[in-house]
Amino acid sequence: MPSGKLHVVPLGGLGEFGMNCMALRWGDDIIVVDAGLMFPESELLGVDIVVPDITYLLEHRNKVRAIVLTHGHEDHIGGLPWILSELNVPVYGTEFTLAYVENKLEEHELLDNAVLNEIRAGERFRIGPFTIHPIQVTHSLVDCVALAIHTPVGVIIHTGDFKVDPTPTDNRLFDLHTFAEYGKEGVLALFQDSTNVERSGYTPSERAVRRKFDEVFARAPRRLFISCFSSSIHRIKLAIELAFEHGRKVALIGRSMNESAEIAEDLGYIDFPEGLLINPGQIKDFDPKKVCVLISGTQGEPMSALSRAAVDNHKHAKIEAGDSVVLSSRIIPGNEKAIYRMIDHLFRREAHVIYEDGSSPPVHVSGHASQEELKLIINLVKPRYFIPIHGEYRQLRRHGELAASMHGAVGQVIQIESGDVLEFDELGVRKQGRVTVGRICIDSGSRTDVVEDLVIRDRRHLSEDGIVLPIIAINKLTGKVESPPEIVMRGFAAALPEDGFTDQAKAIVSRTLEESSQEEKADYGVIKEKIRADLKRYIVKSTSRRPLIMPVILEV
Ligand SMILES: [Zn+2]
Ligand SMILES: [Zn+2]
């Protein structure tokens, strides 16, 4: 065995949900597996996305050779624009993953300078001292791989996200054989997805939702709205097949839904039969019994198409009594309030709402492996060291306990968190110090903007750009605005370009309120976000400043 040390350094995703990113270093060569983002919690006002702190990579910028992607979910590729703008290195990913990456880089005007290399499951490639073998796995998205990484001290397997789906809708099967072969040859370390470690048994196949969808399609008396993540290609494919079988036209609403469907169609994952697709503007021209709308916004995001439709504020998506709305996705922790508020609005419209409520057959299945699948992979791979990844701290711990209970299959379980440096050499493995990690908050729409720790950002906001508090008094019972809005500003007034700014700002808030329905006004999450967005647009345009904007609703 060569003398030298392999460092494995998770920069995100261990001890937190999302933002998956892991560096592997041998001497003067570093490769990075995944570059994900995290969606901000609601208290992070004015922040659009959160990405990992990559100080470690920047400190070794001359050594970073590549970023290798396991699949196209945002928590694995969403940080790429930010990382590539700091560190332009080649990116490796499967065809489908790169299609998402291209769209994303194009949006940020980074595509021209990016080097994208397509990889395929089963085809090995080399980067410096690492030989990387992508292995086909199944997940809620398509074209996903695990990575077997051959290093001078042994083979490391990184599972990426996976479940063991024996019947994926694209018929591209989980390559259990290759996992087993590596197990026979000997694997130094297995890094495995912990997301669903708390669930016993097996995660159902993507095909399991077909029964529920069949039932819904057969019974829906009027328009049928189906909302799922735009990356749920298996789900979109199923909805399109069933719409065709049941003689319903399909309209796609929401930019991400359109982009995703287009990529999936281009790459042959989805087939739209001739004449099936209609424009959103045509929905009203068809018999409601003959329409199916695929719409984005399953998480109750205030500005999403479905949230707007739920409060009757979408140009084309009109939800009327007797329509059916299917939410085919999980309720991401932290989003419960927003989602249930949206569902309430849908019920008020007298729609029939079908969401994940534990009933069977399921309207949604998870994309992550449950306990029995996790054990299966551990048994096949029989790693010398087992390291749980992708999960909050309790999930990493429980995953470690699960593996430790499998005597004979795992040599040793090692618990690490983001920032820990794990060192492998001929003598074994140890934690060898820590590197800087953290969360960087970014305002989308501008990649130069931002990029600071939240606290620093808030302080900078307050010290340089100040704070703007629009105050609105709303009658809780009637949803009526009781008095003209007030605007309180601190640390910002000096920057004002002209008199009349405050009046103008008030007028904007008033207009936003006038243009909002009673239902929107009664939904503080929605109305605050609308006011914030409208005011921000005006303030940035007229002053080039970015104060912290915190709408305050007074209930009277
Ligand atoms: Zn994923
Ligand atoms: Zn993930």
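Taking a quarter of the surface of the Cα convex hull of region 116-217, what do you get in nm²? Walk me through the intermediate numbers first.
Details: hull surface 34.3 nm².
Mean projected area of the Cα convex hull: 8.6 nm².
Could you work out how much longer the chain between Asn279 and Leu58 gets when fully extended? Use 0.36 nm per residue separation minus the Cα distance between them, nm to one decimal.
Working: separation 221, 0.36 × 221 = 79.56 nm, distance 4.60 nm.
Additional length available on full extension: 75.0 nm.
Give me a comma-separated list of calculated 3J(HN,Hα) values for region 425-436, in order, Karplus coefficients 6.51, -1.76, 1.60 applied at θ = phi - 60°, integers in Hz, x for any Gly or Pro.
Computed from phi, the couplings for region 425-436 are 8, 5, 8, x, 9, 7, 7, 10, x, 9, 10, 5 Hz.
Name all residues of region 515-556 having a backbone nitrogen under 11 Å from the label point set 7 Å from the Cα of Asp344 along its Cα→Cβ direction, giving them as ranges.
522-525
Using Cα positions and a limit of under 19 Å, work out the lysines in reach of Lys63, with same-chain residues fewer than 8 apart set aside.
Lys5
D for region 15-115, whole µm²/s, Stokes-Einstein with Kirkwood Rh over alpha-carbon pairs at 20 °C and 1.002 mPa s: what number?
Rounded, D is 155 µm²/s.
With the contact rule set at Cα under 8 Å and sequence spacing of 6 or more, what percent relative contact order holds for the chain?
16 percent
Plugging the Kirkwood radius over Cα pairs into Stokes-Einstein for region 297-432, at a temperature of 25 °C and a viscosity of 0.890 mPa s, what D comes out in µm²/s?
For the chosen part, D equals 133 µm²/s.
At 4 °C and 1.567 mPa s, what whole-number value in µm²/s does Stokes-Einstein give for the translational diffusion of the chain, with Rh from the Kirkwood sum over Cα pairs?
D = 51 µm²/s.
If you line up the long axis of helix 233-245 against the longest principal axis of the chain, both from Cα atoms, how many degrees apart are they, to the nearest 10?
Here the helix axis deviates by roughly 60 degrees.
Starting from the Cα of Asn117, step 7 Å along the direction of its Cβ; do the same at His150; then give the gap between the two resulting points in nm.
Between Asn117 and His150, the simple spin-label model gives 1.5 nm.
Could you list, in their original order, any pairs among Lys289/Lys315; Lys506/Lys530; Lys315/Lys480 whose Cα atoms are separated by more than 18 Å?
Going by Cα-Cα distance, Lys289/Lys315; Lys315/Lys480 fall outside the 18 Å limit.
Return the distance in nm (one decimal) between the two label points of a simple spin-label model at Lys480 and Met550, each offset 7 Å from Cα along Cα→Cβ.
3.0 nm
Normalise the Debye intensity by I(0) for region 197-310, one equal point scatterer per Cα, no solvent, then take log10 at q = 0.12, 0.16, 0.18 Å⁻¹ and round to two decimals.
Relative scattering, expressed as log10 I(q)/I(0), comes to -0.43, -0.76, -0.95.
For region 340-352, what does the Karplus curve 6.51 cos²θ - 1.76 cosθ + 1.60, with θ = phi - 60°, yield as ³J(HN,Hα) per residue in whole Hz, taken in order and with x for Gly and Pro?
Coupling constants for region 340-352: 5, 5, 5, 4, 4, 4, 5, 4, 4, 6, 6, 8, 8 Hz.
With a point put 7 Å past each Cα toward its Cβ, work out how far Asp357 is from Thr436 in nm, to one decimal.
About 5.0 nm, to one decimal.
Go ahead and run the numbers for FRET between Glu401 and Ala507, Cβ-Cβ distance against an R0 of 51 Å, rounding to 0.05. Walk me through the intermediate numbers first.
On the way: r = 60 Å, r/R0 = 1.17.
According to the calculation, E is roughly 0.30.
For Ala473, what residues show an amide H to amide H distance below 5 Å, using hydrogens built from the backbone and excluding near sequence neighbours?
For Ala473, the qualifying residues are Glu482, Ser483, Leu554.
From the backbone phi of region 369-385, what are the Karplus-calculated ³J(HN,Hα) couplings (6.51 cos²θ - 1.76 cosθ + 1.60, θ = phi - 60°) in whole Hz, Gly and Pro given as x?
Karplus-based 3J(HN,Hα) across region 369-385 equals 5, 8, 3, 5, 6, 4, 5, 4, 5, 4, 4, 6, 7, 6, x, 5, 10 Hz.
What is the calculated FRET efficiency for Gln518 to Asp287, with r their C-beta to C-beta distance and R₀ = 22 Å, to the nearest 0.05?
It comes to 0.15.
If you average over every viewing direction, what projected area does the convex hull of the Cα atoms of region 315-376 give, in nm²?
Averaging across all directions leaves 5.9 nm² for the Cα convex hull.
Every number in this text was worked out from the coordinates using simple rules, so none of it is lab data. Keep in mind the model is a prediction, meaning the values are calculated, not measured. Backbone-built Cβ (ideal geometry, glycine too); neighbour counts: all protein chains shown.
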